[in-house]
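The values are calculated or read from the model by the stated rules, or taken from the named source; none is laboratory data. Just so we're clear, the structure is a prediction, and the values are computed from it rather than from any experiment. Here the Cβ positions follow ideal geometry from the backbone for every residue, glycine too, while neighbour counts run over all protein chains shown. These accessible areas exclude ligands, DNA and RNA; they are computed on the full protein's heavy atoms, side chains included. Shrake-Rupley method; radii C 1.70, N 1.55, O 1.52, S 1.80 Å.
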Amino acid sequence: METKAGRTVDLQKVLDLYPALAGLPADRRQALLQPQAVMQLPAGTQVFAEQQPCQGFPLLIEGSIKVAKLAASGRELVLYRVTPGGSCIISSSCLLGHSDYNARGIAETPLTLLALPVADFSRLMLEHAPFRDFVFHLFAERIGELMQLVEEVAFARLDQRLAKLLLARNETVINVTHQQLADELGSVREIVSRLLKGFASQGLVMLGREQLSISDRTGLQKLAAV
């Protein structure tokens, strides 16, 4: 993983995103914001990989991280995304359980993040209740999201899930490849392409090169609700 360290970040911005740190003494807060702890990563960077030990707890300041599980066949299933103000429960579970990563994280956009060293994370979990509550609240949120994902994968038809995914983008024109949609759904490109052609024949979408346009949002909503 290539990183650019040394950039400083605005303390108030960090506290606005992560108010759980606001109650720390000023000198302790400043110690967490040392230049070497701030990293900038370009889009496409692998932030962490499966079977890799966790080196710290990321607090995301700018950008988006996609956390996904990769099968031996090469198929990928997106588990969740980390956005500013959140963090990665796989990182926290690895730190708490002294285990390696069991998924991988990819920078979807350029990132700025603050990496809390393992010792600082452990100390905050033991001594600072607001930070501990923040971490456990993240666990509760993510477990709810993952349970919903399991339910959809196990019980919902793929065309329903694809319709929901397109509607969730909340855009009329969506710049996305069939492979990217397949990765989101844990499927393969050929099946997604076939479903999209079916959507197009029904007048639900119009297909273009690396993009599609939603023609009948109501129709997609009906399909997603079946």
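Here are a few things to note about the model shown:
- Modelled FRET efficiency - R0 22 Å, A71 with M206, Cβ distances, 0.05 increments: 0.10
- Added length on full extension, which subtracts the Cα-Cα distance from 0.36 nm per residue, V176 to D133: 11.8 nm
- 10 Å-binned pair-distance histogram of the chain (Cα, whole percent): 7, 29, 30, 20, 11, 2, 0
- Residues in segment 162-226 average 55 Å² of solvent-accessible surface per residue, probe 1.4 Å, ligands and nucleic acids excluded.
- Accessible area expressed per residue, segment 1-129, with surrounding protein chains retained (probe 1.4 Å, Å²): 48 Å²
- For the chain, size of Cβ-based charge dipole, Lys and Arg +1, Asp and Glu -1, in debye: 400 debye
- Calculated [222 nm] ellipticity per residue, helices only, for the chain: -13500 deg cm²/dmol; basis is -39500 (n - 2.57) per DSSP H run with n ≥ 4, divided by all residues, nearest 500.
- Within segment 175-226: Cβ-based charge dipole about Cα centre, in debye rounded to nearest 20 (Lys, Arg +1; Asp, Glu -1): 160 debye
- Apportionment of accessible area to carbon and sulfur, the chain, percent (1.4 Å): 53 percent
- Neighbour net charge for L146 - beta-carbon separation under 14 angstrom, K R +1, D E -1: -1
- A straight line joining the Cα centroids of segment 142-198 and segment 78-92 runs 20 Å.
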